[in-house]
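Report on one structure; see the data block that follows.
The values are calculated or read from the model by the stated rules, or taken from the named source; none is laboratory data. None of these values were measured; they are calculated from a predicted model. Cβ: placed from backbone, ideal geometry, glycine included. Neighbour counts: every protein chain shown. Accessible surface areas use protein heavy atoms only, side chains included; no ligands, DNA or RNA. Shrake-Rupley method; radii C 1.70, N 1.55, O 1.52, S 1.80 Å.
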Amino acid sequence: MPIVQVELLEGRSHEQLAKMVKDITDVIVADAGASREAVHVILREMPKDHYAVGGVLKSDQ
């Protein structure tokens with residue numbers, strides 16, 4: 001049972017997230033030989049003021 005966790009900043013549409021989940025699942029099925037039903041994808045979205053690069057919040061960029 002492959003479990004893929006993706007952490008990303010919020011702001012993507014439902015359609016973008018659905019495509020991402022499908023594409024990730026397709027790759028795991030093709031490359032790891034797992035069944036589609038066995039692939040679990042967890043999306044963790046975070047607000048831009050909960051993530052920083054180089055000491056600067058993404059919400060301030």
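What to note about this one:
- Subset of segment 5-25 [in contact (Cβ under 8 Å) with a residue 24 or more places away in the chain and among the small types (Gly, Ala, Ser)]: Gly11
- Matching option when the condition is open to solvent by 60 Å² or more (accessible area, probe 1.4 Å), on the phi < 0 side of the Ramachandran plot, at pLDDT 95 or above and part of a strand (DSSP E or B), among Glu37, Glu45: Glu45
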